[in-house]
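What follows is a short report on a single structure.
Derivation of every value follows stated rules applied to the coordinates shown; laboratory data play no part. Just so we're clear, the structure is a prediction, and the values are computed from it rather than from any experiment. Virtual Cβ from ideal backbone geometry, glycine too; neighbours counted across all protein chains shown.
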Amino acid sequence: MQTLDLSWLNPDGSCGARRGKGIVTVRGGVPGDRVEVEITRERGRNASGEVRSLIEPSPDRREAPCPWDANCGGCDLAALTPEAQLAAKARMVQHTLRLDETPQIIGSPRAIGHRARMKVGLKDQQVGYRRARSHDIVNIDVCRIARPEVVDALNRLRSWLEEHGPLPFPEVEIRSDGERAVYAFEGSRRNVPSTLASIGDVAVGGRSVFGDATLTLNVLGLELRASPPSFYQVNLEGNELLAGFVRDTVLASNPARVLDLYAGIGNLDLSLAVAGVPVTAVELEGAAIRDLAYTADKLGVSDKVAVQTMPAERYDLSRDFFDVLVLDPPRSGAPGVLAKALMTRPHTVVYVSCNVASAARDIRPLTQAGYRLEEVRCYDLFPDTHHIETVLVLRR
Ligand SMILES: C[S@@+](CC[C@H](N)C(=O)[O-])C[C@H]1O[C@@H](n2cnc3c(N)ncnc32)[C@H](O)[C@@H]1O
């Protein structure tokens, strides 16, 4: 056991502590804690370990705001005050991107009840998050970060399970458009009990089986279709701010033609098309790109939107001219994509990232080629957790 002071937050939610000339990566505490740590792995000067006991709590800790106290495997930063959470995340982004100054961080418009999508596990008659590093279900009946209609839907499902018995699905995503919550179960459409219709709109394996599990999301005044498998940002009000910033940044750069990689349902590009800018949207998921094309048609901007269903990494960047590139990849980032983007030399690149560690890696070919990282803005779409959305604006 070693006594360590947890000094900073890492992009993966662990904390960093100095030990002599090395660093220990520690799971289980929050920045500011003095803790007793069991070292699980030594690597030269550096090591990793797990908190075994709290010796002196961080001065930024608060009373546990939730009865589950992060035992459900969720909210790993809930023990910190909201201000300390924002400060820790902004410092983490600064450190990861090696910025001279702490970037601007915009808090979530909703402090609680901000999650519009929630993926939960099912086992027997239990439904809830899975405990960290475990398959156990924590049978939560309240969740302060989920929107109220999502929690209601969760409890409706639990009541159904108690009455009818287990379902043959490992997981369900409860998805809300801000008012209406629907269920998207993973699994086969065979053997879906007809009584499940009583809980509401249900999709299984990506398609509606009872009612209509397709949502309409309002983003920047546009109604975007989101069918059951399609990604959308979990924090609707936070997304409005983020999408507005991306739109304004792109339009201010006077684009002739925009390429949007990892486009989803068109969250970041349909507003550009509506403003008259031709866009090409590249997305892997067929359902999402069909949503995007459907919405473009409804908005009357199909002539401004070209769609490509393919991995963004395989898109041939040299086949068209683009002066602005927007990309918003999943947590693993966009390996190799920005090196290829150098072939077309867009004057502006807007990188929206939910994992600043992969973004820091991905932008290196651009900065090495002389692009400047002109603006970095963080949007806290995930209060009480270590996650943070970061927008990086690069220009040549
Ligand atoms: C973080 S989401 C962003 C979606 C959209 N830009 C938005 O703002 O809602 C990432 C999207 O990339 C898609 N995706 C994942 N891997 C991909 C890949 N290799 N190539 C293209 N799209 C991919 C996912 O289906 C998802 O829609």
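Some notes on this structure:
- Dipole magnitude of region 1-96 about its Cα centre (Cβ charges: Lys, Arg +1; Asp, Glu -1), debye to nearest 20: 480 debye
- Label-point gap, in nm, between A197 and Q104 - each point 7 angstrom along Cα→Cβ: 5.2 nm
- Over all pairs of different C-alpha atoms, region 2-72 has a mean inverse distance whose reciprocal, the Kirkwood radius, equals 12.4 Å.
- Taken along its three principal axes, the alpha carbon spread of the chain comes to 62, 59, 33 Å, from the longest extent down to the shortest.
- Remark: the chain carries a charge dipole of roughly 1100 debye about the Cα centre, counting +1 on each Lys and Arg Cβ and -1 on each Asp and Glu Cβ.
- Averaging Cα coordinates gives a centre for region 20-64 and one for region 83-100; these two points are 18 Å apart.
- Relative contact order computed over region 162-234 (Cα-Cα under 8 Å; 6+ residues apart), in percent: 21 percent
- For the chain, the relative contact order works out to 13 percent when only alpha carbon pairs closer than 8 Å and six or more residues apart are counted.
- Spatial separation of Cα centroids for region 214-228 and region 299-355, in angstrom: 22 Å
- Anisotropy class assigned to region 217-395 is rounded, per the alpha carbon gyration tensor with a/c under the 1.5 cut-off.
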